[in-house]
1. Quick one: residue 889 ticks every box in (1) out of contact with any Pro (no Cβ under 6 Å at 6 or more places or on another chain); (2) outside any helix (DSSP H, G or I) except a single one, so which number is it?
2. Could you grab the pairs with beta carbons closer than 9 Å, sequence gap of 6+ or different chains, first residue in region 870-898 and within 14 Å of residue 260 (Cβ to Cβ), second one of a type in the set (D, E, K, R) and in a helix (DSSP H, G or I)?
3. With 444, 437, 416, 392 as the choices, which residue is among the β-branched types (Val, Ile, Thr) and without any contact (Cβ under 8 Å) to a residue 24 or more places away in the chain?
4. Does residue 417 count as within 32 Å of the chain's Cα centre (by Cα), at pLDDT 90 or above and of a type in the set (Asp, Glu)?
5. Let me confirm something: among 621, 652, which residue is small (Gly, Ala, Ser) and modelled with pLDDT under 80?
6. Show me the strands (runs of 3 or more DSSP E) found entirely inside region 516-590 where at least 2 residues are within 31 Å of the chain's Cα centre (by Cα), in contact (Cβ under 8 Å) with a residue 60 or more places away in the chain and closer than 30 Å to residue 659 by Cα.
7. Taking the condition of being among the basic types (Lys, Arg), farther than 25 Å from residue 443 by Cβ and assigned to a strand (DSSP E or B), how many residues in region 467-515 meet it?
8. When you look at residue 454, is it at pLDDT 95 or above, crowded, with 17+ Cβ neighbours inside 10 Å, in contact with a Gly (Cβ under 9 Å, 6 or more places away or on another chain) and in the same structural domain as residue 540 (by TED's automatic domain parsing), yes or no?
Amino acid sequence: MNLKTKLTLLLVLIFNISLFAQGGYQLSGTVTDASNVPIPGVNVIIAKTTKGASTDFDGNFQLEVKKGDVLKISFLGYVSQSITISNQTTLKIVMVEDASQLDEVVVVGYGARKKSDITGSVSSVKSDELNAFPLASAEQALQGRAAGVVVQSNNGGEPGAPINIKIRGNTSINASSSPLIVVDGFVGASMPQPNDIESIEVLKDASATAIYGSRGSNGVVMVTTKKGKSGKLSVELNSNYSVNNTSNRLDLLNADEFAAYQQAINPSYVQGSADTDWQDLLYRTGSTQNHQFSFSGGSDNINFYASANYFKQDGVIINSKYEKITFLSNIDAQVTDKFKLGFNLFSSRGDKDGVPTQSTGDTANGGGDDVVSLMFRFMPDLGVQDEFGVNTTSTIGDNIDNPYAVATEAVNKVKTDVNRANLYANYDILDNLTFKTTFGYSTTNEYDAYFRPSTLVITAGGGTGGKAGIENLKRTNILNENYLTYQQEIGKGDLTLLAGYSYQKTLSERFSASASGFTDDSFSYYNLGGSSVYGIPTSSFTEQEIQSQFGRLNFDYDDKYLITATVRRDGASNFAENEKYAIFPSGAVGWKISNENFLKDHDKISNLKLRASYGLTGNQAISAYESLAKLSTLFATNNGEVVNAVVPDQAANSNLKWETSYQTNIGLDLGLFNNKVSLSLDYYNIDTKDLLLADASQPEYLGFLTLASIRNVGEINNKGFEISLNTKNMYTDNFSWTTDFNWSTNKNKVVSLINGIDVFQDASPGYFSVARTHILREGEAVGLFWGYDYKGVYQGGTLPEGTALGNAPFNQAGDPLFADLDNSGTITTDDQKIIGDPNPDFTFGITNNFTYKNFDLNIFFQGAQGGDIFNLTNVQLYNGDSNALRDVQNAWTSTNTDTNIPRVVANRGREISSRFVEDGSYIRLKNIALGYNLPQDITEKLGMTNVRFSVSAQNLLTITNYSGLDPEVSYFGAGGESTGSSNTTNGFDFGNFPTVKSVNFSLNLKF
């Protein structure tokens, strides 16, 4: 090779190296932990640019770099690293766990704390758990995943049914026991969609919740939505489709069996010509679809996240449907080194078409407004219409329309619009002193309408020409909060001080109108003016304000000793003039024993912390103006003319004040084998005093319409124990297995009531004509079942000792025997007693997560042990005046005496007895999900960063001895009032929308 050739090659090589250095090249890398396990989701960013990448499922990444670039590698729970590029083409990066960063994302009131520094009781649910399987609402994701948290639908699998959350039992009787929801700092917000949530923290003890003072006694649910991150634009599409079916059906009599059953009661009964299975007619295969599109990104100075979500559910009962559209956006801007702004927008529209369920029990129509109970009760020997094309009605028992007619012709429409905006500004006054101000505004508009056409002869009022009504509610919420945060190192200690002011106003405007007697059914509820009879219109306006001053001190000394002190002074307009303000203090201490010298280098114990807290929280969740003297209007007659009149409604209560909960919590956090095993134990005791109860003791001669006005009387106690266990069972190059387990128990007791007098309540349908189904009694648990103690079937002859029969005609052989508690020889209300306890002994949840290469498997079980159910459905189905369960064929007769089912009669009076109290224990396979991520080389060819497919099933298996449709019951109760959030009416089952089992198919695309 001559010199010219050599020089030419050298110049080409130098030129290529120059291009390589200046134009950049592709760098490949792998990120693992110290055990060589790949870490997905690690951020790899080129410093001072917006260019970056995230590691895939196998810990791999690719990024275009040039010599001199500095890579910033970061991931939650690991020490961040910086690597300078010097012509490397591949990198092997080993991340080192950083205990001080493992829990930095735990959100608490008005700030964030490392979990290792938390002195209170806090449970966390992260994004991957929220989206382990498709959910209609984020509240459902908490079920079985957070110790001490009970989550239940207010109406089974009804599309759009509200969700009820209780934390550590019922801390009140009359006021709400629902927790406070805080979304991105907005107090009292509604939950966003699960896909938009980064994490949920559940604050449970006074140390954690006292910063919210009067609204913290029921716990606080802190929701943090997703934010944009610096780097390239990220686009994500999530799409889910589910097929839903009923998880259970009742075994009812067919037409021939029903006719034989009725002829045993009334030999002259004539069988109808049809054979209708009303469950087959009304149940269908439902479906759920959920589609979310989001994009996010940012630079060093501004980050953004925006999403749109569409949810639709067609229920498993015909004509039930729910649709919801949701939009969310977050923008965070670093305006200067000291000044930061952020803006959050949320908007949703819900549209619910429902069928009437959860019977109001209207005495006038025998509870005939409820499709679910009607399909069980209605005669199977009748069809949908008679020979004249008229909807059939009952031929025995109560006058009711057939369930198919009610489901297809009755109209129930609910439209809900929610809009929320939240703006914050953060300014660093000094390096260690920050001021933050927030301003939030939200509105909720709810439109609720119904129509009962004239073709529903009974439900529409019988010949009235149909009836309709509309109710409109607008709620406006304004929130402003301002607070200073000061941080200072003092020797070996870290001091954090917080001081702030909060003001919130809630305005509610409501009106309603109703009418009946329409000449035509064509206009539904859109033509109330076309009726002949107008109902009395109603309208109202309420205004409530709460203003607060709050402060908190956190002091951590030598990373061993922790102190938290919190105080909040709240003033609420709900209460009397001299009792509007109250102070809610709390204190907590923590000891990181594992950081002591004698344990610091222990090869097995990686974390050991003791926690203890005590504090006061309040509850002001009652209606406005309860402390004031109130007047009501009514109609009266004067010389034969109807006139308006005003009468005293409620006496003033100048002493009405807050409920106060005195809470103690003792906890232990333990980590073993480099935190591969993490255990948290908590014991708590909550004494709630000055209960806000309805006191009906004032005499009628005072002339007030409302005798049961709100007073501060009574006390209840809740105590319990919680266990949370997380284990990393196995990690290899291709396989991992983790387990999350939680278990909790809560025991409540009524400590004192008004003058020690028992309080009886009724949760049965109104047409049952029952006065008492449950009781509040000093020394007993809240809401125990009350009724007769069933002792079997009377066989004739001498009565067994201590028993008696009912009055004639229910005093013959084959009739039920009951305990004769007063030894009177007959059964009266004096023989009623406590016959059941709806409160479970304990609840639990266990999740196992497996990964193998690109596959992952999630298996989630959830359940409860103990907790009785009062099966009001069976009370009706064994009553004799409707269809019945098939085992009624085993009822007592003179030739069939070895049975526990009394003889059949035309109407047994719907007895409330222990015969219908059942064990509600259950174990449920809540979710099983199998997912697969396409290999990275394939997704790159598709121009994507991740492609994921998954198939899952929900509620596939339920193990229970309960004979009803489902052990998770929540009957609305007498008069149709929702008891889903009631503290005293629990465990009743009648007309609940059935729980569904689902098979779901999901697709996730990331660009």
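The values are calculated or read from the model by the stated rules, or taken from the named source; none is laboratory data. Because the structure is a prediction, the values reported are computed rather than measured. Counting neighbours? That spans all protein chains shown, and the Cβs are built from the backbone with ideal geometry, glycine included.
1. Against the list (1) out of contact with any Pro (no Cβ under 6 Å at 6 or more places or on another chain); (2) outside any helix (DSSP H, G or I), residue 889 comes up short only on (2).
2. Pairs found: 883/377; 884/257; 886/257; 888/257; 889/257.
3. So the residue among 444, 437, 416, 392 that is among the β-branched types (Val, Ile, Thr) and without any contact (Cβ under 8 Å) to a residue 24 or more places away in the chain is 392.
4. yes
5. Working: 652 fails: modelled with pLDDT under 80.
Just one listed residue meets the conditions, 621.
6. 538-557, 561-572
7. So the count comes out to 1.
8. Values: at pLDDT 95 or above: no; crowded, with 17+ Cβ neighbours inside 10 Å: yes; in contact with a Gly (Cβ under 9 Å, 6 or more places away or on another chain): yes; in the same structural domain as residue 540 (by TED's automatic domain parsing): yes.
Taking the combined requirement at face value, the residue does not satisfy it.
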